[in-house]
Amino acid sequence: MFTTGSKLFIGGTVLAVVAAIVFAVSYDGDRAWVAGIGLIAAAIALSFLMGINLWVRDSNVGGMQADATTTSAAAQSRPGNSMWPIVGALGGALVVIGIVATPVVFKAGIVVLLIALFEWLVQSWSERASADPAFNASIRARLMHPLEFPVLGAVGLAVIIYSFSRIMLFLSKEAGPAVFVVIGALITVGGFLFASKATLKTSVVAGISTIAALGLVSTGAVMAIDGERDMHEYPTVSNDPTVCSSNAETETDERASQTVAAKSNVAATVIFNADRQLYVQQIGTGAYSRVATLQRSNPSPVMFRNLSDEAVRLKVNLGTFTDPATGTVTSQPVTCTTLVEPDGRQFLSLQFPKSSLATTQPYSFEVPEVEGATVEIVVP
Amino acid sequence: MSRRDTRLPARRRRTLGAVVAGAAALVLGGCAQDAPQDTWQPAGDNAQKIHDLQWPVFLVAGVIGVIVLAVVAFAVVRFRDRGQPMPEQSHGKPALEIALTILPALILVGVGIPTVSTVFDLAEEADTECIINVTGQQWWWEYDYPVQDGCGGISAPIVTSGQLVIPADTNVLLRLTSRDVIHSFWIPKLNGKKDTVPGRVHTLRMQADEPGIYAGQCTEFCGLSHANMKMEAVALFPADFQTWVANQLEDYQAPAEGSLAAEGEATFTANCAYCHQVNGLTTTAPDGSVTPVLANPDEFVVSGAAPNLTNLMTRNTFAGATWDLLTEECRDRVWNAPPEEFGERYLAGVSADCLNEVDLREWIRNAPAKKPMYATADQAANSGGKFRGMPALGLNESQIDQIIAYLLERH
Ligand SMILES: [Cu+2]
């Protein structure tokens, strides 16, 4: 009555319907409808497939001709071994481990499971397509290769890039370039040898490539586990009023980089010149000014350049806020760069949540301990 | 041959008819009168430069395109498979191949030289006479005029929105940035478009030959109301521009005591002023001390900004230049003014007679119903407790009356 294939889909349909009902009854979150629609759609799709299977009787020999299942052409070639059951089992194991351990493993398990299911489906379909194994293999290839090759290529590339990046991050700044010059040279020489020895057996080439790839990936893995080289980040900004109010050197100052790698363009460049004057130059105009208009509620990238011959820092007065009832100062935030060496530069990102009207002392740039070196900041 | 024999079969005829109709619609669409956002009608130096470049390039590309299509069509029809034997296959014809490599290269060089020089011209900043900051945020544009000697001199910052007022025949440099996502600023008649990117400042030249209004539109998809994020550049003769600047910087005029507008001031202070800044607005505490009312949109809006309403009635549009503050009749008077009279009509602002109260009332009653925004309490809960856009505030009609009366005085 029911063919084998249709039984599978009947089961699937029932499962989806039951799941949809259970879900509808038990869960009433915000997004319930998304899962609901998914499950109902699955039920409809599965029942549709069931219908087709019943209609074409599993696109097989007549369901009533029992002996034809053993004598038909498609039944003549024995299916080969398949790796997909074991890959599927691996996926299942990953799912279980992932549930207890980490979500990443769970997700990886789901992906592996889905791949295994899909590949297995296609494999079993293609192996029964005809009595000719060569033809069966060719239709499988025609269907799957356009999917498999790009995906495998991308995964391979990702693994190589990731391994290289781990190695680079493990090596010290000085060793890295040297090592990679050598590796690059080796690859070039290897390629040259392969190309010039046209008689080389493919198995030899494949062997060498495999060894190289394994070496790369395992080195990458070891170095990934061992961790990256120490990378020190030294803050270049302080919000401490005592630090900001003087040009005395602190421990942070000693370490701070004097170069700026920010690729962002700046809203304003603040310049402390050789005459110990402070000026601002805003983007779009070359003019020097003693007033800067910076935006409200938006980060303004600001560059400080020290063109004088002493080490100084740039301090930004971020307002003086008073309690309107008592008139006492409630807060007086400041921020500043580290000490900037002569000819050095440093980057600040400033944000003013309130307009200039809110502060009793104007917002301003200043170089501490230098008389008159201030630039007013107007915030509309 | 009888006449009937020469006619196409009915189905072919219908297909042909549809194709012709479609093509005609496309072609005629190009003839739209009064298309305010038209790159083919430059109204300033920068747009003119782009135009001078694009029409010859278009011409060259068009001619080549037609030739290529014609040759392809000829080959397809003439040499179609009628069962004829395969012609002799040959390979290579160096003279032809070299010629066909050099010719396009020459054409590309011919197009490339003026293109590159235009790109450099449009990036020029040295001749700037006036600087204006332009900030995009969901879903409106803010313009602020920094303190500067340019623009004829601006002594205190001016903040406005929707309509970018510029002096005509002046090299204005816009500094574009954004407070939330990427937007793109484009006034087709005045210059090309440029993205506004959070954390970056891009510059864009702007120059209009004559006074008038030039429409534009955000051209980088930026969320729900991207389509309602328009802008207009308003060019005024430099003298009129100075009048505009002086008016923007005028001191706050409190409504007359006991008037409807005075009640509106209180209603506004309580319901609107925590987002919208009105410069000069103050409150008086019970003990008599006067403090300025300062908007704090950072706490309520994702972008951290709401339009400054100090001089709302000096602009003609609101909410991303999507609705008019002027009635249709008054609007036409401004938009269709001859250049010499434009300044006077624009500077008159929005009077009580000319106010398009319908749209403004609807906006104040329930803004998200008018313009799609992400501004209900639930939605705000999804974005850190802050709105994208202006929420519905649940005011009653008499409160709205008061606020309208108050806003009408914001000249
Ligand atoms: Cu936008």
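The values are calculated or read from the model by the stated rules, or taken from the named source; none is laboratory data. Every value quoted in this text rests on a predicted model; they were computed, and no experiment measured them. Methodologically, a virtual Cβ is constructed for each residue, glycine included, from the backbone with ideal geometry; neighbour enumeration extends over all protein chains shown. Surface areas here come from the heavy atoms of the whole protein model, side chains and all, with no ligands, DNA or RNA. Shrake-Rupley method; radii C 1.70, N 1.55, O 1.52, S 1.80 Å.
In square nanometres and to one decimal, what's the mean projected area of the convex hull around the Cα atoms of the stretch A:129-226?
Dividing the Cα hull surface by four gives the mean projection, 9.1 nm².
Compute accessible area for the stretch A:276-298 by itself and then with all protein chains, 1.4 Å probe, and report residues whose area falls by 40 Å² or more.
Residues shielded by partner chains are A:ILE283, A:GLY284, A:THR293, A:GLN295, A:ARG296, A:SER297, A:ASN298.
Would you look at the GNM of chain B, springs on alpha carbons closer than 10 Å, and say which of B:ASP240, B:ASP81, B:ASP121 moves the most?
Its mean-square fluctuation being the largest, the pick is B:ASP81.
Leaving out ligands, DNA and RNA, and with a 1.4 Å probe, what % of the accessible surface on the stretch B:264-409 is carbon or sulfur?
49 percent
Along the charge dipole of chain B, which of B:HIS411, B:ALA305, B:PHE221 sits closest to the positive end, that is, farthest toward it, with unit charges on the beta carbon of Lys, Arg, Asp and Glu (+1, +1, -1, -1)?
B:PHE221
Going by amide H atoms built from the backbone, whose H comes under 5 Å of the H on B:GLY44, apart from near neighbours?
B:ASP209
At most 14 other C-beta atoms within 10 Å and a DSSP loop state: those are the exposed chymotrypsin sites (Phe, Trp or Tyr not before Pro) I care about. Give me the longest piece of chain B that has none. Intermediate values should be presented prior to the final figure.
Details: sites that count: B:TRP40, B:PHE79, B:PHE221, B:TYR252.
With chymotrypsin sites (Phe, Trp or Tyr not before Pro) excluded where exposed in loops, chain B gives B:253-411 as its longest stretch.
Name the residue, out of A:ALA195, A:ALA185, A:ALA35, whose mean-square fluctuation peaks in a Gaussian network model built on chain A with Cα pairs under 10 Å.
Of the options given, A:ALA35 has the highest mean-square fluctuation.
So which GluC sites (Glu not before Pro) in the stretch A:92-201 pass both tests, a DSSP loop state and at most 16 other Cβ atoms within 10 Å of the Cβ?
Taking the stretch A:92-201 and a limit of 16 other Cβ atoms within 10 Å, the loop GluC sites (Glu not before Pro) found are A:GLU174.
Would you please give the residues with an amide H less than 5 Å from that of B:THR196, counting only those at least 5 places away or on a separate chain, with H modeled from the backbone geometry?
B:HIS183, B:SER184, B:PHE185
Quick one: grab Rg to one decimal and Dmax as a whole number for chain B, Cα atoms only, in Å.
28.1, 106
Could you tell me how many cubic angstrom of Cα convex hull volume the protein assembly as shown has per residue?
Once divided by residue count, the hull of the protein assembly as shown is 349 Å³.
Modelled label-to-label distance, B:ASP121 and B:GLU88, 7 Å Cα→beta-carbon offset: nm?
Placing both labels 7 Å beyond Cα along the Cβ direction yields 5.4 nm.
Which percent, to the nearest 5, of DSSP beta bridges fully inside chain A are antiparallel?
If I count the DSSP bridges inside chain A, around 75 percent turn out antiparallel.
Rounded to the nearest 100 Å², what is the buried accessible area between B and A, both sides summed, probe 1.4 Å?
About 2000 Å² of accessible surface is lost on pairing.
Count charges around B:ALA254 for me, please; just the other residues with Cβ under 11 Å from its Cβ, Lys/Arg as +1, Asp/Glu as -1.
Cβ neighbours under 11 Å give a net charge of -4.
In chain B, with Lys and Arg counted as +1 and Asp and Glu as -1 at Cβ, which of these residues, B:ASN279, B:VAL109, B:PRO255, has the Cα nearest the positive end of the dipole, that is, farthest along it?
B:VAL109
Tell me which lysines have Cα within less than 19 Å of B:LYS370's Cα, excluding those fewer than 8 residues away on the same chain?
B:LYS230
How high is the FRET efficiency from B:LEU16 to B:VAL76, r the C-beta distance, R0 22 Å, rounded to 0.05?
0.75
Which whole-number value in Å² is the accessible area per residue of chain A, probe 1.4 Å?
On the way: 23220 Å² over 380 residues.
The answer is 61 Å² per residue.
I'd like the projected area of the stretch A:241-378, averaged over all directions, using the convex hull of its alpha carbons. Report it in nm² with one decimal.
Orientation-averaged projected area of the Cα hull: 8.6 nm².
Count the DSSP beta bridges whose two residues both fall in the protein assembly as shown, then state the antiparallel fraction as a percent rounded to the nearest 5.
That works out to approximately 70 percent antiparallel.
Give the average, rounded to an integer, of partner chain Cβ atoms located within 10 angstrom of each Cβ in B:130-137.
The shielding value for this peptide is 3.
Under a point-charge model restricted to the Cβ atoms of Lys and Arg (+1) and Asp and Glu (-1), what is the dipole moment magnitude of the stretch B:23-126 relative to its Cα centre, in debye to the nearest 20?
Dipole of the stretch B:23-126, to the nearest 20 debye: 760 debye.
On average, how many beta carbons from a partner chain sit within 10 Å of the beta carbon of a residue in B:294-301? Show your work: numbers first, answer last.
On the way: counts 4, 6, 4, 3, 6, 1, 0, 1.
Across B:294-301, the average partner-chain Cβ count within 10 Å equals 3.
Filter the cross-link list A:LYS315/B:LYS371; B:LYS194/B:LYS371; B:LYS194/B:LYS386; A:LYS354/B:LYS189; B:LYS189/B:LYS371 down to pairs whose alpha-carbon distance in this structure exceeds 32 Å. Provide the component values of the computation, followed by the final result.
On the way: A:LYS315/B:LYS371 43 Å; B:LYS194/B:LYS371 25 Å; B:LYS194/B:LYS386 28 Å; A:LYS354/B:LYS189 36 Å; B:LYS189/B:LYS371 26 Å.
Beyond 32 Å: A:LYS315/B:LYS371; A:LYS354/B:LYS189.
Amide H to amide H, which residues 5 or more places from B:THR317 or on other chains are under 5 Å from it, using H placed in the peptide plane?
B:LEU325
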